[in-house]
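The values are calculated or read from the model by the stated rules, or taken from the named source; none is laboratory data. Source: prediction; values computed, not measured. Reconstructed Cβ throughout: ideal geometry from the backbone, glycine too, with neighbour counts over all protein chains shown. All accessible areas refer to the heavy atoms of the entire protein, side chains included, with ligands and DNA or RNA removed. Shrake-Rupley method; radii C 1.70, N 1.55, O 1.52, S 1.80 Å.
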Amino acid sequence: MTQEDTQKLGIVVSGSLNKGVEVKMDSSASVEDMAVGRYVTIDGPKRRFFGMITDITLGVIDQKLTLTPPDVSDPFMTEVLAGTSTYGTLHVLPMLTIGGDAASLLEGPQPVKTVPSHFSVVNLALQRDVELVFGSEDERKFYIGTPLDMETKVCLDLAELVKRSNGIFGKSGTGKTFLTRLLLIGMLQKGTAVNLVFDMHSEYGWEGRNERGQKVKALKQFFPSKVAVFTLDEESSRRRRVSTDFVVRIGYDEIEPEDMVLLRQTLNLTEPAIEAIYQLSRRFGKNWLQSTMEMKDSEESGDLLKELSIHESTFQNLQRGLATIRRLPFLMSHSPDNPVQRILEYLDRGINVVLEFGRYTDITAYILVANLLTRRIHTQYRDRTEKAQGEDTAPPHPLVITIEEAHKFLNPEVAGQTIFGIIAREMRKYNVTLLVIDQRPSGIDDEVMSQIGTKITCLLDNDRDIDSVLAGVMNKSEFKSVLSKLESKQQALIFGHAVPMPVVVRTREYGSAESYKDFIPSEQAEKDIEELWD
Amino acid sequence: MAELADRVGEVIEASTTGFVAQCYELYQSPPLGSLVKTRDLPVELYGIVYNATTTSLEPGRRPIARGKDEASEEEIYRSSPQLLKLLRSEFSTLVVGHKDDDKLYHYLPPKPARIHGFVYLCPPEEVKEFSQSFDFLNILINAHLPVSLDELIAASLRQMCQAYEDRHSFLVAAGKELAILLSGDFNQLKAILGRIKG
């Protein structure tokens, strides 16, 4: 490389494919200018490698230096020693080969299968190298952010992304919601999938707020014709001046025993109580919930319990739990409309549905509704996909279901039983995938975690959380240091299916009028206006 | 002629690794560490001055003290003008490279210097040309000389840097080379660096 703007960092001095290579820094490059997560290119004699800095260490040529340090107040001394007796080493993980051999020239970057040879020159990656790796925005790829200290765009292949379940993780306040909103906008913009968002805090439908309390636009404001806002809490939506398309009401008769299993922990139900639910539903049929709640402490009901061999304390435990559910205002004995059918109708028309929970941010309500709706929608999707396979027609449009507080649905105890566990595992067979958002990834079942295609993680500092997010990643320890060094705002590590290599991005700006412009293609805006006049 | 002005002496003893020259004028030996050259055409030999002596012309006859009745040191020489002829100044150099066919080599020449070869002090341009490469430092470090190597290396770098406008950069570059060569001996490096800074 003889380009003027290349910045030589040093040369490769040792390393292995598994552990990455060590780069001795030139005296002209300062360790203080480096940052983990930055990209470098390594120019081997035959290939060009693209890698990431994962660690930076200080070295001395002679141990005496550490015991009797030189006079640091003497600038001449420090200048001479810098890069010779004292030097910096970079730990670089080569990830891809770019150019060099025929395959990578034709098919773009290839995963590395070897390491650069001794003393290959290491340069800071140029804009065009990064572009070569992460591509540029097109009809499949969505610009999500920029690499650290660079202006190049990092693009996610959304068509690939929606083929698997994905996860967005991070401590609270690290920008998960903003990232999710961005990703949803991307999916809407590219039309790669139709979304169903269980919006616990009502921040994806019409508008949300940033940390400074300013309003930021959400999906419906960008794509009014493509987004429908459903609500469980009409009053809250009205107060927030959000025009809703449908008010969801759920009848008691729509709740099945399977819907209750997930609530075992939140309702504090015992194992026998769950058994009792199945028995009662066999006995009462569709109206089991209503009937159970109406059972009084009479001899008649005592006999019934005896007949079903349900212990009295179990029954009391169950009734206490059901009383919690009963207090949820959006539940009624019989719903006038079928919300599942409505949601499916919208989804079929390619309209994305955001379900706002309004005031009912209680986890019980969230789990109950999300599980109930998803189970039915998934069944329908499965039927349709199978039908489409049988009749050789087009399968239904890919559906992405967004859930927050995912560890409540996907923890090891319930992941085997809930629909979300099944969706996460069966993945794309039925064209339904999940977008899970969570702050405690360690609470999610390992098996589910391993099936998550693309993981986008903001700062995490709990060791268990980091371990669980990075499970199954090669060179885990390298990424551990990168992950724990992320800034608490606007930075995320993306790795998995939709990116050619793990990448740390500064997420794209969201919230200013300028940033909004890019989300809607101008012809789209014009078309929307035309449709209005039609 | 500039060349004549730079002429500082004449080779009186030579070996593969160095040569000794006698100064034309008493006490006029080039400074410690300076770069001198002598010719054995077509080869030019470069040496670094590592030692200078002034002794009696005859080895057996030591000078005697004469100043008891004189007012100043100059008076001694004035009243005994023969002294200038009875004493001699010599300097010893270590050969650090040679030039053959206008090409510089920073290693020993195939043959030692010729006796009675004229010795010249290298002008700044030539010092600059020679010090483009620091390979000569290795010869200095590995030499076995009666003077301290630290002193000699520091003196030669101090002399050479005077040929440069940006003395600091030159000394830093030389220091870095030394840091690599003396990687196993930090104390020696520190001693040399302490003598060339500033």
Worksheet item: Which distance in Å, rounded to a whole number, links the C-alpha centroids of segment A:157-171 and segment A:14-65?
Response: 31 Å
Worksheet item: Amide H neighbours of residue A:458 under 5 Å, counting only residues 5+ apart in sequence or on other chains, H built in-plane at 1.01 Å?
Response: A:169, A:170, A:493
Worksheet item: Given H placed 1.01 Å from N in the peptide plane, which residues other than close sequence neighbours of residue A:332 have an amide H under 5 Å from its amide H?
Response: A:250, A:251, A:252
Discussion item. Out of the GluC sites (Glu not before Pro) in segment A:118-175, which ones are loop residues according to DSSP with at most 11 other C-beta atoms within 10 Å?
Written reply: A:139, A:151
Response to the item:
Expected vector for segment A:395-408, Karplus 3J(HN,Hα) from phi with 6.51, -1.76, 1.60 and θ = phi - 60°, integer Hz, x for Gly and Pro, equals x, x, 4, x, 10, 10, 9, 9, 10, 9, 6, 4, 5, 6
Fill in: Estimated distance in nm for a label pair at residue B:13 and residue B:58, the labels positioned 7 Å out from Cα along Cα-to-Cβ
2.0 nm
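Considering only protein heavy atoms and a probe of 1.4 Å, how much of the accessible area of segment B:24-158 is carbon and sulfur, as a whole percent?
Looking at segment B:24-158 in its full context, I get 52 percent from C and S.
Check each of the trypsin sites (Lys or Arg not before Pro) in segment A:77-166 and keep only those in coil by DSSP with at most 10 other C-beta atoms within 10 angstrom; list them in order.
Working: sites: A:113, A:128, A:140, A:141, A:153, A:163, A:164; in loops: A:113, A:140, A:153, A:163, A:164.
Within segment A:77-166, the qualifying trypsin sites (Lys or Arg not before Pro) (loop, at most 10 other Cβ atoms within 10 Å) are A:113.
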Worksheet entry | Rounded to whole Hz, the Karplus (6.51, -1.76, 1.60) HN-Hα couplings of segment A:139-154, x for glycine and proline | 6, 10, 9, 10, 6, 9, x, 10, x, 4, 6, 9, 9, 5, 8, 9
Worksheet item: Across 5 Å bins from the origin, how do the percents of Cα pairs in segment B:2-196 run, short distances first?
Response: 1, 7, 15, 18, 18, 14, 11, 8, 5, 3, 1, 0
Practice prompt. Would you mind getting the accessible area per residue of the protein assembly as shown, heavy atoms of the protein chains only, 1.4 Å probe, in Å²?
Written response: 47 Å²
Fill in: Long-range amide H partners of residue A:209 with built H, under 5 Å
A:216
Worksheet item: Can you list the lysines whose alpha carbon is less than 18 Å from that of residue A:387, not counting same-chain residues fewer than 8 positions off?
Response: A:429
Worksheet item: Taking the Cα-to-Cβ direction at residue A:243 and at residue A:283 and moving 7 Å from each Cα, how far apart do the two end points lie in nm?
Response: 5.0 nm
Worksheet item: What list of ³J(HN,Hα) values in whole Hz, one per residue of segment A:260-277 in order, does the Karplus curve 6.51 cos²θ - 1.76 cosθ + 1.60 (θ = phi - 60°) give from phi, with Gly and Pro shown as x?
Response: 7, 4, 4, 8, 3, 5, 5, 8, 6, 8, 8, 4, x, 5, 5, 4, 4, 4
Practice prompt. Report the extension gain between residue A:307 and residue A:221 in nm, rounded to one decimal, defined as 0.36 nm multiplied by the number of residues separating them, less their alpha carbon distance.
Written response: 25.3 nm
Worksheet item: What's the longest bit of chain B with no exposed GluC sites (Glu not before Pro), using DSSP loop states and at most 14 other Cβ atoms within 10 Å as the test?
Response: B:71-164
Response to the item:
Per the 1/(1 + (r/R0)^6) rule, R0 = 25 Å and r from the Cβ atoms of residue A:485 and residue A:6, FRET efficiency to 0.05 is 0.45
Discussion item. To make sure I understand the rule: partners must be lysines, Cα under 25 Å from the Cα of residue B:68, and not fewer than 8 residues away in the same chain. Which ones qualify?
Written reply: B:85
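Within chain B, which is the longest segment that contains none of the trypsin sites (Lys or Arg not before Pro) sitting in a DSSP loop with at most 14 other Cβ atoms within 10 Å?
B:67-198
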Worksheet item: What are the aspartates and glutamates whose alpha-carbon lies under 18 Å from the alpha-carbon of residue B:197, with same-chain residues fewer than 8 places away excluded?
Response: A:71, A:74, A:79, B:150, B:151, B:165, B:166, B:177
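Nearest 100 Å² is fine: what is the total accessible surface buried where chains A and B meet, probe 1.4 Å?
Values: alone 24530 and 11460 Å², together 34570 Å².
When A and B are taken together, about 1400 Å² of accessible area is lost.
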Fill in: residue B:161 - accessible surface, heavy atoms, 1.4 Å probe, Å² rounded to 10
10 Å²
Practice prompt. Would you mind calculating the relative contact order of chain A from Cα pairs under 8 angstrom and at least 6 residues apart, reporting the percent as a whole number?
Written response: 18 percent
Worksheet item: With every protein chain present, what accessible area does residue A:442 have (1.4 Å probe, heavy atoms only), rounded to the nearest 10 Å²?
Response: 30 Å²
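Rounded to the nearest 500, what is the 222 nm mean residue ellipticity of chain A from helices alone, with -39500 (n - 2.57) per DSSP H run of 4+ residues and division by all residues?
On the way: 22 runs with 197 residues, N = 534.
Here the helix-only value at 222 nm equals -10500 deg cm²/dmol.
Suppose we look only past 40 Å in the calculated P(r) of the protein assembly as shown. What percent of the Cα-Cα pairs does that tail hold?
In whole percent, the share of Cα-Cα pairs in the protein assembly as shown beyond 40 Å is 55.
Per residue of A:81-90, count partner chain C-beta atoms within 10 Å of its C-beta, then hand back the mean as an integer. Provide the component values of the computation, followed by the final result.
Working: counts 7, 3, 3, 10, 10, 1, 0, 0, 0, 0.
Rounded to a whole number, the mean comes out at 3.
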Worksheet item: When the accessible area of segment A:252-326 is split by element with a 1.4 Å probe, what percent falls to carbon and sulfur?
Response: 44 percent
Worksheet item: How about segment B:168-185: which of its residues lose at least 30 Å² of accessible area in the presence of all protein chains relative to their chain isolated, using a 1.4 Å probe?
Response: B:168, B:172, B:176, B:179, B:183
Worksheet item: Within segment A:396-477, which GluC sites (Glu not before Pro) sit in a loop by DSSP and count at most 14 neighbouring Cβ atoms inside 10 Å?
Response: A:413
Practice prompt. Could you work out how far helix A:339-348 tilts from the main Cα principal axis of chain A, as a 0 to 90 degree angle to the nearest 10?
Written response: 40 degrees
